[in-house]
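Have a look at the structure below, then the notes.
Coordinate-derived values only; no laboratory data. The shown structure was predicted, so the numbers you read here are calculated from the model rather than taken from an experiment. Every residue, glycine as well, gets a Cβ built from its backbone with ideal geometry; the counts of neighbours run over all protein chains shown.
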Amino acid sequence: MRKILITNDDGINAPGIIRLAKAAAKLGEVWVIAPENQRSAASHSIILREIVKIKEHDFPVKDVKAYACSGTPADCVRVGGLSVMPYRPDVVLSGINYGYNVAGDIQYSATAGAAFEAAYQGFGAIALSEDSGKCHEVTDAYLQELLEEYIDVKYGRDKIININFPGCPLSECNGVRRDCYASIDSFYHARYKLVETKEDGTRFYAVDDIYNEDAEEGTDFRAIVDKYVSVGIVRNIS
């Protein structure tokens, strides 16, 4: 039986990880080891100079062993796959993230960071993300099918499978685009707004990004804009 480790960056109580665990439980023995709190945008960071705390967690999916972790998503993969589980996982599923992880956002994503750590440790690695809205019809329709297709696939220690589900109604989804490459652009172009200047010259800035949908053909970004499920292989170049 497959040994499946699931983590995320939205925290162990996030709806996405619960839905993912329910689907994965049909494919093997599931262990959930996820951050106790929100850890978005932590990328591939790990804790080195603090103790990592693991605590058993009451998880709402039958027969799933679950633990909350004080560390980052990458820590969850490391401590979970190397120490907490009595055997190494065959595959790590990271997600389902609340918000897309495509294009330039992949480099900041702790969802992707956890999957990259899994690949580095020699485990199968799949990152899964969806739109941050309330419509998850496409995810619910395609999740099981794509898990079954890719759960036994490995691309080496520097590559992960990255899946993103559009937030449109199922009736508007155009299907699945495979072999998408990661765009060098992004949904949001970065800028900052000055919000306050103190008398001593200290300045305070807040993110004020500009929304963008000008995506290149063949990319994960373009697939999502065109209302396709995006499936691609992403290489860790860090």
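See the values below:
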| read-out | value |
| --- | --- |
| Bridge type composition, region 1-99 - antiparallel percent by DSSP, nearest 5 | 20 percent |
| Loop-located GluC sites (Glu not before Pro) in region 177-238, at most 15 other Cβ atoms within 10 Å (DSSP) | 199, 213, 216, 217 |
| Cα-only Debye scattering, region 110-238: base-10 log of I(q)/I(0) at q = 0.09, 0.18 Å⁻¹ | -0.34, -1.00 |
| Kirkwood-type radius of region 1-137, with distances r between different C-alpha atoms, in Å | 14.3 Å |
| Antiparallel bridge percentage (DSSP; both residues within region 174-227; nearest 5) | 90 percent |
| Diffusion coefficient, µm² s⁻¹, Stokes-Einstein with Kirkwood Rh over alpha-carbon pairs of region 37-89 at 4 °C and 1.567 mPa s | 108 µm²/s |
| Cβ-derived FRET efficiency at R0 22 Å, residue 45 paired with residue 83, nearest 0.05 | 0.70 |
| Relative contact order [Cα under 8 Å, 6+ residues apart], region 83-145, whole percent | 41 percent |
| Burial ordering of 44, 57, fewest other beta-carbon atoms within 10 Å first | 57, 44 |
| Ellipsoid semi-axes in whole angstrom, largest first, where each is sqrt(5λ) of the Cα gyration tensor of the chain | 28, 24, 16 |
| For region 119-188 and region 19-53, distance of Cα centres in Å | 17 Å |
| Three principal axis lengths of region 164-238 [C-alpha, angstrom, descending] | 56, 33, 17 |
| Ranked list, fewest to most other Cβ atoms within 10 Å of each Cβ, for 64, 207, 91 | 207, 64, 91 |
| Residue order, fewest to most surrounding Cβ atoms within 10 angstrom, among 111, 219, 72 | 219, 72, 111 |
| Contact order normalised by residue count of the chain, Cα under 8 Å, 6+ apart, percent | 18 percent |
| Under the Karplus curve 6.51 cos²θ - 1.76 cosθ + 1.60, θ = phi - 60°, whole-Hz ³J(HN,Hα) for region 100-106, x wherever Gly or Pro sits | 5, 10, 10, 6, x, 5, 4 |
| Of all DSSP beta bridges in the chain, antiparallel share, percent nearest 5 | 35 percent |
| Long-range amide H partners of residue 96 with built H, under 5 Å | 17, 20 |
| Largest to smallest principal axis extent of the C-alpha atoms in region 23-62, angstrom | 37, 21, 17 |
| Region 51-126: translational diffusion in µm²/s, Stokes-Einstein, Kirkwood Rh over Cα pairs, 20 °C, 1.002 mPa s | 163 µm²/s |
| Loop-located trypsin sites (Lys or Arg not before Pro) in region 14-122, at most 15 other Cβ atoms within 10 Å (DSSP) | 26, 49, 53, 62 |
| Derived scalar couplings ³J(HN,Hα) [region 17-29; Karplus, 6.51 cos²θ - 1.76 cosθ + 1.60; whole Hz; x for Gly, Pro] | 6, 5, 5, 5, 5, 4, 5, 5, 4, 7, 10, x, 7 |
